[in-house]
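Here is the structure we will look at, set down as structure tokens.
The values are calculated or read from the model by the stated rules, or taken from the named source; none is laboratory data. Here the structure is a predicted model, which means the values were calculated and not measured. Neighbour counts run over all protein chains shown; Cβ positions are idealised from the backbone, glycine included. For accessibility, only protein heavy atoms count, side chains too; no ligands or nucleic acids. Shrake-Rupley method; radii C 1.70, N 1.55, O 1.52, S 1.80 Å.
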Amino acid sequence: MTKLRVGLLFGGHSGEHEVSISSAQAIAKALTASENLSKYELQPFYIQKDGLWQTPEVAQQVLTSGVPLPPQTSKPQLWQFPSETSAIDVWFPIIHGPNGEDGTIQGLLTLMQVPFVGSGVLGSAVGMDKIAMKTAFAQAGLPQVKYMVVTRSQVWSNPCIFPKLCDQIDLALDYPCFVKPANLGSSVGIAKVRTRQELETALDNAASYDRRIIIETGVVARELECAVLGNDIAKASVVGEITYKSDFYDYETKYTDGMADLLIPATAPADVIERIQEMAVQAFAAVDAAGLARVDFFYVEDTGEVLINEINTLPGFTATSMYPQLWAASGVSFPELVDRLIGLALESSSAAESNG
Ligand SMILES: Nc1ncnc2c1ncn2[C@@H]1O[C@H](COP(=O)(O)OP(=O)(O)OP(=O)(O)O)[C@@H](O)[C@H]1O
Ligand SMILES: [Mg+2]
């Protein structure tokens, strides 16, 4: 049997570069596990933080060491891809956050006309942008927290307008609020604010990260997550819970060992779990996701309400990440999960071809 050459694409110009290396290490291991060894030939490609693509040989060294390469001192030749890229049968991009999860890489791979794992340009872009995502969720009738959208130019406008903007937010939403740049991920630039003064500072800070900002009413809730796998017909996994002692699930809590725990399966009433699984699949379709996604929820125990928080179209995929662990608990092992995702990539690309 000829092996399918899988281009594992990792690293990238994003705050989640290191997580991407860990995800790629785990996927590389699964592709070369005994179950998959006869089917796939692994060809890793590493994108440095400055955007330069490295050959499979160098990428393998990064996978082995787990250490990112430093950016070049001179401006890299971004559009010279390693020659091995032309022989790839299917891509497996695992770059989290901006420039990886937002449709940019997906656009490039679409132009290359080679199948790839995960959502296409539309699903990735809508899933990444918190404002577009919430609009799609609202349209699909999914319940969410109350929110408002403002732009950098409103925040940085003349000093007479800014107080009026804050008045409007004060009136529309309750404290505490969460102020979030629309397009960053990993809790970067997110602030929980309890007073008008904190709101003003957080808006100014968020505006330095992004042109568009979202402000949400904060809820006191448990954080439950569900994994989705499939294309047009997608399935939900068992539900997991994230617990932590910090004020919220911020960047430090996410990426410091021991600051957060994953509980799989989550212990919640059966009807809550069912609602989450249904909503996860609806959210997947609402943004036009494909292949995989992790959908995150707030469960307000006091009222029984379940609110959707967000969808992640390229969720963390390390050996200890929620996404593969939810599938493991649902009976799909890590190597099988990787195999299924490649199968789904081939399926969606042949569906696209038959459309014209
Ligand atoms: N409206 C809210 N009410 C209560 N807690 C919130 C709210 N919004 C965000 N949080 C807290 O902040 C964390 C990060 O927010 P969110 O999930 O929206 O962004 P993100 O994690 O940066 O996005 P991504 O998962 O794409 O990286 C949440 O996991 C939660 O702990
Ligand atoms: Mg999140």
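Among helices (runs of 4 or more DSSP H) entirely within the range 10-126, having at least 1 residues that are out of contact with any strand residue (DSSP E or B) (no Cβ under 6 Å at 6 or more places or on another chain), closer than 23 Å to residue 322 by Cβ and basic (Lys, Arg) singles out 17-31. Can you tell which of 173, 224, 184 is more than 25 Å from residue 277 (Cα to Cα) and open to solvent by less than 20 Å² (accessible area, probe 1.4 Å)? From the options 173, 224, 184, the qualifying one is 173.
Scanning the range 59-88 for residues that are touching a Phe, Trp or Tyr at 6+ places or on another chain (Cβ under 6 Å) and open to solvent by 30 Å² or more (accessible area, probe 1.4 Å) yields one hit, 81. Can you tell me which residue within the range 133-170, out of those that are among the charged types (D, E, K, R) and open to solvent by 50 Å² or more (accessible area, probe 1.4 Å), is nearest to the chain's Cα centre (by Cα)? Step by step, filter the range 133-170, then rank; the result is 146.
Of all residues in the range 227-253, those satisfying the criterion of being open to solvent by 60 Å² or more (accessible area, probe 1.4 Å) and either within 17 Å of residue 326 (Cβ to Cβ) or more than 15 Å from ligand 2 (Cβ to nearest atom) (or both) are 232, 233, 235, 245. Only one of the numbered conditions (1) closer than 21 Å to residue 341 by Cα; (2) away from ligand 1 (no atom under 15 Å from the Cβ); (3) among the acidic types (Asp, Glu) is not met by residue 225, and that is (2). Screening the candidates 289, 227, 293, 280 for the property of being part of a loop (DSSP other than H, G, I, E, B) and over 27 Å from residue 201 (Cα atoms) yields one hit, 289. For the range 187-217, the candidate set comprises residues that are open to solvent by less than 20 Å² (accessible area, probe 1.4 Å) and small (Gly, Ala, Ser); within that set, the residue that is nearest to ligand 1 (Cβ to nearest atom) is 187.
Among the residues of the range 134-145, is there at least one that is in contact (Cβ under 8 Å) with a residue 12 or more places away in the chain, among the basic types (Lys, Arg), within 13 Å of ligand 1 (Cβ to nearest atom) and touching an Asp or Glu at 6+ places or on another chain (Cβ under 8 Å)? No: the range 134-145 contains no residue that is in contact (Cβ under 8 Å) with a residue 12 or more places away in the chain, among the basic types (Lys, Arg), within 13 Å of ligand 1 (Cβ to nearest atom) and touching an Asp or Glu at 6+ places or on another chain (Cβ under 8 Å).
Table: residues versus (1) of a type in the set (Asp, Glu); (2) assigned by TED's automatic domain parsing to the domain that holds residue 21; (3) on the phi > 0 side of the Ramachandran plot.
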| site | (1), (2), (3) |
| --- | --- |
| 90 | no, yes, no |
| 96 | no, yes, no |
| 99 | no, yes, yes |
| 104 | no, yes, no |
| 111 | no, yes, no |
| 122 | no, no, no |
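Counting the residues of the range 208-259 that are more than 21 Å from residue 176 (Cα to Cα) and hydrophobic (A, V, I, L, M, F, W, C) gives 10.
Going by the structure shown, is residue 138 of a type in the set (Gly, Ala, Ser) and at pLDDT 95 or above? The answer is yes for residue 138.
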